[in-house]
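Asker: The structure is given below, and queries will be raised subsequently.
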Amino acid sequence: MTGHFEPLPDGGAAVPLDEVEISILRSLAVQLMELVGPGEEPAEGEGADLLASVFNDGPSEPPADPVLARLFPDAYGGPDLVPDDDVRAASAEFRRYTENDLRSRKRTDALALIRALDALSPSGEEAVLRLKPGECRQWLGALNDLRLAIGTRLEVTDEEDGGELLRLPDSDPRKPMVMAYLWLGGLQETLVESMMG
């Protein structure tokens, strides 16, 4: 897993991917979509309108799953702040009006990644994925969400550089997840560089 994104003249980016890399990325994106789930979708059919869908209330409590809590964090407070009733109320209110849209965007980004991978037909050992500028933004969102999900499962902290995880023995059951986490980080970094270049 050594491919990295290169900028394209139209503002997009390209990366060579082999069949294994395509399979891993697709599988991770499908798992992310399943984890994010549908959320609380607005009612459809007779009587449903745009205004109702805009003001559809979402959940007000943070998710119990640590990965979902990381993907959908409280808007107020933080890890070092013990929230009081006002902070909890403000976070619940913010979550109520934003989480459904955020879930929808995360699903859309992951689906864009899956569709782009499904459109590839590797000839020989690898295929070259070419993304348009808008697709780059969706891929960047999906790669970020995948890294957050895996990093949370690995209990990676913001201060951690991953060096300790890299030194895990090959027999450690976390090793494949660590390698995927680091690989996704490389893809994400080179995609950002390509978008800026």
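What follows is calculated from the coordinates using simple rules that are stated; it is not laboratory data. Bear in mind that the values here come from a model prediction, so they are computed numbers and not experimental data. All Cβ positions, glycine included, derive from the backbone under ideal geometry; neighbour counts span all protein chains shown.
Asker: Between Ala75 and Ser27, what is the label-point separation in nm under the 7 Å Cα-to-beta-carbon projection?
Answerer: If labels sit at Ser27 and Ala75, their model points lie 3.8 nm apart.
Asker: Moving to a separate point now. What ranking do 92-98, 142-148, 6-12 get when scored by the average of other Cβ atoms within 10 Å per residue, highest first?
Answerer: 142-148, 92-98, 6-12
Asker: Across region 169-179, in residue order, what do the Karplus-derived ³J(HN,Hα) couplings come to in whole Hz, using 6.51 cos²θ - 1.76 cosθ + 1.60 with θ = phi - 60° and x for Gly and Pro?
Answerer: For region 169-179, the Karplus-derived couplings read x, 4, 6, 5, x, 7, 4, x, 5, 5, 5 Hz, x marking Gly and Pro.
Asker: How large is ³J(HN,Hα), in whole Hz, for each residue of region 5-21 in order, when computed from phi with the Karplus curve 6.51 cos²θ - 1.76 cosθ + 1.60 and θ = phi - 60°, using x for Gly and Pro?
Answerer: The phi angles translate into 6, 10, x, 10, x, 7, x, x, 8, 9, 8, x, 9, 8, 4, 5, 4 Hz.
Asker: Could you calculate the FRET efficiency of Arg153 with Ala14 from 1/(1 + (r/R0)^6), where r is the beta carbon distance between them and R0 is 22 Å, rounded to 0.05?
Answerer: Using R0 = 22 Å, I get an efficiency of 0.15.
Asker: Going by amide H atoms built from the backbone, whose H comes under 5 Å of the H on Leu129, apart from near neighbours?
Answerer: Amide H to amide H, under 5 Å and 5 or more residues apart or across chains, Leu129 pairs with Val15, Leu17.
Asker: Continuing with this model, one more query. Each residue of region 189-195 in turn: what ³J(HN,Hα) in whole Hz from Karplus with 6.51, -1.76, 1.60 and θ = phi - 60°, glycine and Pro shown as x?
Answerer: Here the 3J(HN,Hα) series is 4, 6, 5, 4, 4, 5, 5 Hz.
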